[in-house]
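Only the coordinates and a few stated rules stand behind these numbers; no lab work does. None of the values given here were measured: they were computed from a predicted structure. Because the Cβ atoms are built from the backbone with ideal geometry, glycine has one as well, and the counts that use them run over all protein chains shown.
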Amino acid sequence: MVRLTRIYTRGGDDGTTSLVGGRRVQKDHIRIESYGTVDELNATLGMARERADATIVEQAVREDVIALLTTLQNQLFDLGSGLATPTEDRWEGQPVIDDVEVTWLEGQIDRLNAQLTPLRSFVLPGGGPVGAALHLSRTVCRRAERVTLALAREEALPGAELRYLNRLSDLLFVLGRWVAMKTGEPEPLWQARPRT
């Protein structure tokens, strides 16, 4: 169980912060950028979840979306914890994102994508309030993947972090399309400007 008794410590006033294990690093260190971007992604999924709860009328669809996003948020917390912990400071039983979660993501992608019509053009971000929020999450996920790749070039990562983020961005794209379809929201498609 986690217990937070103090929110501010003044320890970061000099531009540094502590990793799990106690090592102090600059707040713009690549490891901080990595788990900070995962935290941002988690917050965007929280926004998408709240929009789903407020706007999706069909109960089964609303519950499916909320359950899926809640699972993803918990997985992202595990991912952030792993990214915040240098290899030498890992502990026995620490949650790590591995191939089990990647396979689960692939199963969700296949389940949702099977219900969609094939694309004949690129989709513009949109598709209603939930779809638009999921497209925003997808772009933050891609940024988290890029930053985590930069971290992986400097330090070994313990699990399937990069595969997970790559698959998660695909799931968020498919989920955005699926929600638009289920809620009857039109999907804006890219229309190439004719060359003159």
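The dipole here belongs to the chain: it is taken about the Cα centre, uses +1 on the Cβ of Lys and Arg and -1 on the Cβ of Asp and Glu, and is about 640 debye.
Note on the chain: with a GNM built from Cα contacts shorter than 10 Å, the maximum mean-square fluctuation among Asn166, Asn74, Asn42 falls on Asn74. Give me the net charge of Val123's neighbourhood, meaning all other residues with Cβ under 14 Å from the Cβ of Val123; Lys, Arg count +1, Asp, Glu -1. Neighbourhood net charge equals 0. Sparse packing (at most 10 other Cβ atoms within 10 Å of the Cβ) combined with a DSSP loop state is found for the following chymotrypsin sites (Phe, Trp or Tyr not before Pro) in region 29-107: Trp91. Proximity of backbone amide H atoms, modeled 1.01 Å from N, is registered between Val123 and Trp190 at under 5 Å, excluding neighbours fewer than 5 places apart on the same chain. The local environment of Gln94, defined by Cβ-Cβ distances under 13 Å, has a net charge of -4 under the rule Lys, Arg +1 and Asp, Glu -1. Annotation for region 131-196: chymotrypsin sites (Phe, Trp or Tyr not before Pro) lying in DSSP loop with at most 10 further Cβ atoms inside 10 Å of their Cβ are Trp190. A simple count of charges around Thr103, restricted to other residues whose Cβ falls under 11 Å of its Cβ and scoring Lys, Arg +1 and Asp, Glu -1, yields -3.
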